[in-house]
1. Specify the inter-centroid distance of the stretch A:415-436 and the stretch A:109-173, based on alpha-carbon positions, in whole Å.
2. Measure out, as a whole number of angstrom, how far apart the alpha-carbon centroids of the stretch B:147-186 and the stretch A:182-248 sit.
3. Using amide H atoms built in the peptide plane, which far-off residues or other-chain residues are under 5 Å from A:Glu119 H to H?
4. Estimate the FRET efficiency between B:Ala86 and A:Ile85 by the formula 1/(1 + (r/R0)^6), using the beta-carbon distance for r and 41 Å for R0, to the nearest 0.05.
5. Springs between alpha-carbon pairs under 10 angstrom, Gaussian network model over chain B: which of B:Ser131, B:Ser29, B:Ser186 fluctuates most?
6. From Cα pairs below 8 angstrom and at least 6 apart in sequence, can you work out the relative contact order of the stretch A:329-427, rounded to a whole percent?
7. Using the Karplus equation 6.51 cos²θ - 1.76 cosθ + 1.60 (θ = phi - 60°), what ³J(HN,Hα) coupling, rounded to whole Hz, does each residue of the stretch A:402-415 give in order, writing x for Gly and Pro?
8. Would you mind checking which residues have amide H under 5 Å from A:Ile145's amide H? H placed 1.01 Å from N; only 5 or more apart, or other chain.
Amino acid sequence: MLVSLAWKNLTRQKRRSLLLGAGIGLGTAIIALLSGFTQTMVVNARENLSQSSGGHIFMTGQEVTTSGRHVAIIRDPAFLERHAIDLGLKDETFSKRSSAQTVLLFGSASRSQNAVGIEAGQVAALSERLVVAAGDLASFGSGTIVVPRLTAEKLGTTVGDSVYVRTQTITGQENVETYRIAAVADDPAALGAAVAFFRLEDLNRLIAIPEGQCQALAISLRDPEKADEIAQRLYSSLEGLVPLVPLGSGPSDPMIRLLQTFQGPALRGMDSSNEQAWAGNMIKITTISELMQPVMDIIGTLKLISSATFIVLLVIILVGISNTFQMILLERVREIGTLRALGYQRTEVLALFLLEAGLLTVAASLIGLAVGALLGGAMGLVHWGRLPFTSQIFLSHGRLGSYLSMKSSAFLVLALIAVGLAAALGPARKAAALEPAQALRTQN
Amino acid sequence: MKTLIRITIILIVLTAPLGMATAQTQDFSDLLDQIDSLTNFKTGDFTATLSMVSHDPEAGTTVRKVTQFRRDYQDKFLVLILEPEAEKGQGTLRIDQNVWAYDPQSRQFTHASLKDTFAGDTKNSDFRKSSYFEDYAVAGETDGKLGKFDCWIMDLKGKNDEVTYPTERMWVSKDIRLPLKIEGYSLTGVLLRTSYFFSWTKISDKFYPSKIIYVDALTKGKNTEVDLTDMSRDPLPDNVFTKAFLEKVSH
């Protein structure tokens, strides 16, 4: 009965209730959008990084040649894979990769091109991801390559053309082979990095990596949240078996670490002068979390803005509801006196006021959430075209929607309800403290 | 007696080709050593000004003025671009087995390699002392001609992975015992670059190519002509072969 009475009180002053509700709803929609954007950006960035890198945990290898040159290679990826499976990762997906900086030549045109070599088993996943402009990925086999659309345009090539691919081997020697273009396609997950795809055996041969070896071994996890934990287990179990780079080491600038991912998982011919010497094939284990660090730094700023906006909104709601219910108290003094005379207790009067505030806040915040979700969904339909790398990483297939999780939505609504109740508590207590006789004598 | 003489003659005739072949193989390996000796400055320094004209079907024609300093007995060199203004100050320095590329825009040195391109179709290794004997083995040889010049044509195979071209074919003038043409091939045997040495200049008791044309074999119409002038054997201060010097003269 109190609930229906509270609802009737709200609807009695429609204009005031609508205005206050609209204010709360608008604020809720803004917060929902902002929070939704940051959450979606994190999800997109993680997905993009794992797709372009080939997984959630990456193992790369280094060796020092007799001439002191560092070369990027994993001599025995099969051993690492077996070891990981023995650790309990038998249900995860393993994939080998190599990469190179190449120059594609066609006639008198040339173009620098990042190249990644993938195994036959990864072509199907690639097919789902690539946006094919010409050709057919079914014909992507040995002796063929898939080039980005921009590269094909700049070179003036099309499907079926043979191009020279010039690169340096892992020891820095010049090498050239011809490849036929099987397809022209863009990889949204490459985030503008424009990668050409080779079959792993072809690229390995081009950069003089022996059969069965590679430059990186990626593990795709069913539960990416466990990447750090699994990487730690892998590291601990490999200690003493192979030379290892300490976990978490690398360029101090996290953005450089991130960019290295898109230049390829390999380290190309680094001079040894700044490195400590070691014997054997040193393995480095990296996780998606490390790659996400610069992303999280950017998102951290957005979260700060979102949090500040949320606090400001709460303050505004607090003040707004408090002022409104002060006014309601003044307007309804006689009414309160009547209710008390009819037998309503102080607690019931208190509850009535709080219910009014609570119902208004719940309704407004739920509508605000719905509006925020609609707007976020609508924005997710917008395609942003070609953006710089640092922006592409947050998009999914060129789009950015705003999708707030159930947990965050519930937290938002509960926080608003709490603030609404807190704001109404003062006036509610004053209303509950009114003496019936005194209230009835008051002129409105 | 007559039988003995006949046997001796037969033996000489049969073994003569072997002896000649052995002598020729040694000669060709020695020839590489001779080329190194004729072109390397075992003592002292070398300075030259280079005019480089690069033709690129995509980028057009670029004219560069470059200065080169070399100290072969320490395997050091410095090459510095003086013109055009857009590239002025870019340079490559080799010291202590390291190669450094300098960018005057960022004022930063980055590790480079002898195999990297310096400018146009030239490689950093083109400015280093000759080390054919150390880096290459003769895999085959034949007589031939290059235009009207009688030449030995040698197929060279890299002995290590530090060489820019894993295999090369070299035309050496029988007259002056210096290269007239060198073809550089990739690991897969694809011709990458042809270098033509049109003239050699004698400086003191050494020779230096004064006109070279590097032709890119993969891109039609892409080549670089290099002319050397103002060659000098005057001694250079030690600080020329330092990062500090390169940084200073670049600005």
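1. With the stretch A:415-436 and the stretch A:109-173 each reduced to a Cα centre, they are spaced 68 Å.
2. The stretch B:147-186 and the stretch A:182-248 have Cα centres spaced 40 Å from each other.
3. Residues meeting the amide H criterion: A:Lys96, A:Leu200.
4. It comes to 0.15.
5. So, out of B:Ser131, B:Ser29, B:Ser186, the one fluctuating most is B:Ser186.
6. 37 percent.
7. Couplings: 10, 10, 8, 6, 4, 5, 5, 4, 4, 4, 4, 5, 4, 5 Hz.
8. Under 5 Å from the amide H of A:Ile145: A:Arg180, A:Ile181, A:Ala182, A:Ala183.
Read-outs throughout are calculated quantities, based only on the coordinates presented, and are distinct from any laboratory measurement. As the structure is a prediction and not an experimental result, all values here were calculated from the model. So basically every Cβ, Gly included, is an ideal-geometry build from the backbone, and we count neighbours across all protein chains shown.
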